[in-house]
1. Looking at (1) at pLDDT 85 or above; (2) touching a Ser or Thr at 6+ places or on another chain (Cβ under 8 Å), which is the one condition that is false for Ile93?
2. Assess whether Thr14 counts as being at pLDDT below 65 and surrounded by fewer than 15 Cβ atoms within 10 Å (Cβ to Cβ).
3. For the subset of the range 67-102 comprising residues that are touching a Pro at 6+ places or on another chain (Cβ under 7 Å) and touching a residue at least 40 places away in the same chain (Cβ under 8 Å), which member is nearest to Pro22 (Cα to Cα)?
4. From Leu25, Leu62, grab the single residue that is surrounded by 13 or more Cβ atoms within 10 Å (Cβ to Cβ), at pLDDT 80 or above and touching a His at 6+ places or on another chain (Cβ under 8 Å).
5. Of the residues Asn82, Asn67, only one is at pLDDT 90 or above and not charged (D, E, K, R); which?
6. Any idea which residue in the range 65-102 is farthest from Tyr37 (Cα to Cα), counting only those that are small (Gly, Ala, Ser) and surrounded by 12 or more Cβ atoms within 10 Å (Cβ to Cβ)?
Amino acid sequence: MSNPRPLIRLSPFTSPLTRRNPRILLGGSHQPTLLRYLEGWPKRNGKPAAFLIQFIDQHDSLAKFANDRFDIAVVQAPSADNAELFIKHLTRIARQGLITRR
(Lines give C-alpha, C1' and ligand atoms only; values in the text may rest on other atoms or scores of the structure.)
Protein backbone atom coordinates (compact mmCIF):
# COMPACT_ATOMS: atom_id res chain seq x y z
CA MET A 1 0.00 0.00 0.00
CA SER A 2 1.38 3.42 -0.89
CA ASN A 3 1.78 6.18 1.66
CA PRO A 4 -0.92 8.82 1.23
CA ARG A 5 0.25 12.42 0.97
CA PRO A 6 -0.60 14.50 4.02
CA LEU A 7 -3.29 17.13 3.62
CA ILE A 8 -1.97 20.64 4.12
CA ARG A 9 -4.16 23.69 4.43
CA LEU A 10 -2.39 26.96 3.75
CA SER A 11 -3.72 30.20 5.12
CA PRO A 12 -2.37 33.75 5.31
CA PHE A 13 0.15 34.54 8.00
CA THR A 14 -1.34 36.53 10.84
CA SER A 15 1.52 36.95 13.30
CA PRO A 16 2.41 40.51 14.29
CA LEU A 17 5.42 42.13 12.71
CA THR A 18 8.52 43.10 14.57
CA ARG A 19 9.56 45.65 11.93
CA ARG A 20 7.70 48.31 10.03
CA ASN A 21 9.22 47.07 6.75
CA PRO A 22 9.50 43.30 7.12
CA ARG A 23 12.37 41.43 5.49
CA ILE A 24 11.17 38.48 3.42
CA LEU A 25 13.13 35.67 1.80
CA LEU A 26 11.56 33.89 -1.18
CA GLY A 27 13.43 30.83 -2.35
CA GLY A 28 12.49 28.72 -5.31
CA SER A 29 12.06 28.58 -9.04
CA HIS A 30 8.47 29.87 -9.30
CA GLN A 31 8.57 33.27 -7.64
CA PRO A 32 5.02 34.44 -8.54
CA THR A 33 3.60 31.45 -6.65
CA LEU A 34 5.83 32.17 -3.66
CA LEU A 35 4.61 35.78 -3.61
CA ARG A 36 0.99 34.57 -3.45
CA TYR A 37 1.70 32.87 -0.12
CA LEU A 38 2.20 36.35 1.35
CA GLU A 39 -1.36 37.42 0.50
CA GLY A 40 -2.98 38.79 3.62
CA TRP A 41 0.28 39.02 5.56
CA PRO A 42 0.60 41.15 7.54
CA LYS A 43 -2.42 43.00 8.78
CA ARG A 44 -1.08 46.34 10.04
CA ASN A 45 -4.26 48.24 10.88
CA GLY A 46 -4.03 50.46 7.82
CA LYS A 47 -0.42 51.51 8.39
CA PRO A 48 1.71 51.53 5.24
CA ALA A 49 4.52 49.03 5.01
CA ALA A 50 6.96 48.07 2.31
CA PHE A 51 8.19 44.50 2.05
CA LEU A 52 11.95 44.13 1.66
CA ILE A 53 12.06 40.98 -0.46
CA GLN A 54 15.13 38.97 -1.36
CA PHE A 55 14.87 36.17 -3.91
CA ILE A 56 17.19 33.17 -3.98
CA ASP A 57 17.41 30.12 -6.20
CA GLN A 58 16.20 26.91 -4.58
CA HIS A 59 19.75 25.53 -4.80
CA ASP A 60 21.40 28.49 -3.00
CA SER A 61 22.79 27.89 0.48
CA LEU A 62 21.09 29.54 3.45
CA ALA A 63 24.34 29.34 5.46
CA LYS A 64 25.42 32.79 4.22
CA PHE A 65 22.59 34.61 6.03
CA ALA A 66 22.85 35.97 9.59
CA ASN A 67 20.64 34.78 12.46
CA ASP A 68 17.12 36.29 12.43
CA ARG A 69 17.84 38.04 9.13
CA PHE A 70 14.29 37.63 7.85
CA ASP A 71 10.86 38.10 9.40
CA ILE A 72 9.51 35.39 7.14
CA ALA A 73 10.83 32.94 4.57
CA VAL A 74 8.77 31.15 1.93
CA VAL A 75 10.82 28.42 0.26
CA GLN A 76 10.38 25.33 -1.84
CA ALA A 77 10.99 22.00 -0.12
CA PRO A 78 14.60 20.82 -0.31
CA SER A 79 15.63 17.37 -1.50
CA ALA A 80 15.58 14.63 1.14
CA ASP A 81 19.39 14.61 1.17
CA ASN A 82 19.58 18.32 2.07
CA ALA A 83 16.49 18.65 4.26
CA GLU A 84 18.10 18.46 7.70
CA LEU A 85 20.75 21.13 7.09
CA PHE A 86 18.31 23.29 5.09
CA ILE A 87 15.69 23.32 7.86
CA LYS A 88 18.37 24.00 10.48
CA HIS A 89 19.48 27.12 8.59
CA LEU A 90 15.90 28.14 7.81
CA THR A 91 14.89 28.15 11.48
CA ARG A 92 18.06 30.09 12.30
CA ILE A 93 17.62 32.87 9.74
CA ALA A 94 13.82 33.39 9.71
CA ARG A 95 11.37 34.17 12.53
CA GLN A 96 8.55 32.51 10.54
CA GLY A 97 8.69 30.16 7.62
CA LEU A 98 6.70 28.19 5.11
CA ILE A 99 8.07 25.28 3.10
CA THR A 100 6.07 24.56 -0.04
CA ARG A 101 6.08 21.48 -2.25
CA ARG A 102 5.58 23.36 -5.55
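The values are calculated or read from the model by the stated rules, or taken from the named source; none is laboratory data. The shown structure was predicted, so the numbers you read here are calculated from the model rather than taken from an experiment. Note: ideal-geometry Cβ built from the backbone for every residue, glycine included; neighbour counts use all protein chains shown.
1. If we test Ile93 against (1) at pLDDT 85 or above; (2) touching a Ser or Thr at 6+ places or on another chain (Cβ under 8 Å), just (2) comes out false.
2. yes
3. Across the range 67-102, the extreme among qualifying residues is Asp71.
4. Just one listed residue meets the conditions, Leu62.
5. Going through Asn82, Asn67 in turn, just one is at pLDDT 90 or above and not charged (D, E, K, R): Asn67.
6. Ala83
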